[in-house]
1. Which one, TYR141, LEU7, LEU52, is farthest towards the positive end of the dipole of the chain when Lys and Arg carry +1 and Asp and Glu -1 on their Cβ?
2. Work out the FRET efficiency for ARG187 and GLU158 from their Cβ-Cβ distance, taking R0 = 30 Å, and round it to the nearest 0.05.
3. How high is the FRET efficiency between LEU90 and ASP117 when r is their beta carbon distance and R₀ equals 41 Å, given to the nearest 0.05?
4. So, with +1 on the Cβ of K and R and -1 on the Cβ of D and E, and no other charges, what is the size of the charge dipole of the chain about its Cα centre, to the nearest 20 debye?
5. Just the ratio, please: alpha-carbon radius of gyration of the chain over 2.2 N^0.38 Å, N its number of residues.
6. Taking square-rooted eigenvalues a ≥ b ≥ c of the alpha carbon gyration tensor, is segment 80-185 rounded, prolate or oblate, where a/c under 1.5 means rounded and, failing that, a/b exceeding b/c means prolate?
7. Do the sum for the chain: with -39,500 (n - 2.57) for every DSSP H run of n ≥ 4, divided by all residues, what is the mean residue ellipticity at 222 nm, to the nearest 500 deg cm²/dmol?
8. Arrange the residues LEU61, LEU109, LEU139 by how much accessible surface each exposes, largest first, with a 1.4 angstrom probe.
Amino acid sequence: MTGEADLYYRDLAAHLDPDNPALGACAIDVAILRLLRARYARRNRSRLMWLLGQVGTVIGLVSIGLPMLRWLDPQLPHTIVDDFVRVFPLGLGLAVLAVSLALVATVTLRDPEGNPDSLPKPPPAIAAWLAARGKTHGLRYWHEVYWPDLKRRVHRREVFGFTFWPKEPAPLAVYEALIARDLARGRKKGASAADLKAYADHFEGLRPRL
């Protein structure tokens, strides 16, 4: 976050709390995280629906395809799938396949975040500051433009393709613990002392922006 980007962030932080810009920056981060949580909750729901659609498609195809194979070759050996097909008759399999394909198509074609106008708005003080400077996208991209990579790394959590963000900004101790683990991992992999020092110095330079 340098140059103009750094200026915008620092100006907004100072505008929110002239006596303590650090608290102003914290208020910005809380608003950013609130928006990210709402955006990615929708993305996660879309991903879950897509996965359920894929599972339903497989179930539908199996329940339709295996009876056809049995019809073509009655001598096929019995498998556990046959027991599944008896539970899932052909008519139900067709219905599941149709619904699953429709679900996958719907999720694929639509915006996973839905209507952006229905997402949480910034607090009034932040919204007024952004409007006065023509920032029509609000805080939507601030975590990508103004947060260092390390800050995104600390706050973003991914589990099986689902992304989660915390409610509150991480304290400095979380960053320090992460850097300590990175340095320890680097030593085990044989990183040079100069590289380790450069990495630690880079973190020290990021401290005011975390």
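The values are calculated or read from the model by the stated rules, or taken from the named source; none is laboratory data. Predicted model only: the values in this text are computed from it and were never measured. Because the Cβ atoms are built from the backbone with ideal geometry, glycine has one as well, and the counts that use them run over all protein chains shown. Accessible surface areas use protein heavy atoms only, side chains included; no ligands, DNA or RNA. Shrake-Rupley method; radii C 1.70, N 1.55, O 1.52, S 1.80 Å.
1. LEU52
2. 0.70
3. FRET efficiency, LEU90 to ASP117: 0.40.
4. Taking the Cα centre of the chain as origin, the dipole is about 200 debye.
5. Normalised Rg, Cα atoms only: 1.53.
6. Here segment 80-185 falls in the oblate category.
7. -23000 deg cm²/dmol
8. Largest to smallest exposure gives the sequence LEU109, LEU61, LEU139.
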